[in-house]
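What follows is calculated from the coordinates using simple rules that are stated; it is not laboratory data. These numbers come from a predicted model, not from an experiment.
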Ligand code: UDP
């Protein structure tokens, strides 16, 4: 591996809504959005094409509505719209760093975001625009993890960068079990068989069937996105 040379030409970064919480317990911390944007600018400057799938958990998750007695489909529609709100905030932060961006929504909101048209998105990436995918797959009963994998395959991203608040995948919950150990790398089948919490099972299976690796890493350690892109040891690689 050449020092300073990216290991991947095109990446899909899965950011959960919680990534935008920063110091808050609800909503969007704009300082946090700016700091993520600064890190993304650095890897964009290395020549890496970037697409992001943004979640909505900092605002609303469908499961919360269901717990309160809502219809699942209506609850998921609220969750989908929450991801669009996050996408607008992230777009603003990225543009403040001087990056050109395109906001894509899987449900039609024409005044705010483009629809997903694969060839058009590929053209944006060729023109070095950062793509922000919102509204997941536009369908209820899915998560933004599964949406991230499908879009990554469609745009031929070489890796899913799954940004989390933990340092990777552990044998058990490190908060509850002091013997929990972190894997440097692990096979898809082991993740599935051991029911390790990485992404939802649909997303992991889709990666496995299509040989799309996932790197799970801690977003709260500055420089980690770049380390992952440079192919340095960071978090856990699922392959
Ligand atoms: N959602 C959905 N279909 C999708 C993606 C997301 O219905 O394709 C809804 C679902 O209610 C979910 C919410 O949007 O709870 C927010 O997405 P997610 O929970 O994946 O966000 P994250 O956990 O990454 O913040």
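List of remarks:
- By the compact-protein rule of thumb, 2.2 N^0.38 Å, the alpha-carbon radius of gyration of the range 1-110 corresponds to a ratio of 1.20.
- Calculated [222 nm] ellipticity per residue, helices only, for the chain: -11000 deg cm²/dmol; basis is -39500 (n - 2.57) per DSSP H run with n ≥ 4, divided by all residues, nearest 500.
- Summary of the geometry: the range 173-211 and the range 15-77, compared by the centres of their Cα atoms, lie 22 Å apart.
- Largest-first principal axis extents of the Cα set of the range 76-187 (Å): 51, 31, 28
- Mean separation of Cα contacts under 8 Å (6+ apart) over length of the chain, as relative contact order %: 23
- Rg over Rh [alpha-carbon atoms, Kirkwood Rh] for the range 2-55: 1.05
- Size descriptor for the range 66-109, Kirkwood hydrodynamic radius: 12.0 Å (Cα pairs only, one decimal).
- Above 19 Å, the calculated P(r) of the range 131-239 contains 45 percent of its Cα-Cα pairs.
- Viscosity 1.567 mPa s, 4 °C: Kirkwood-radius Stokes-Einstein D of the chain over Cα pairs, µm²/s: 72
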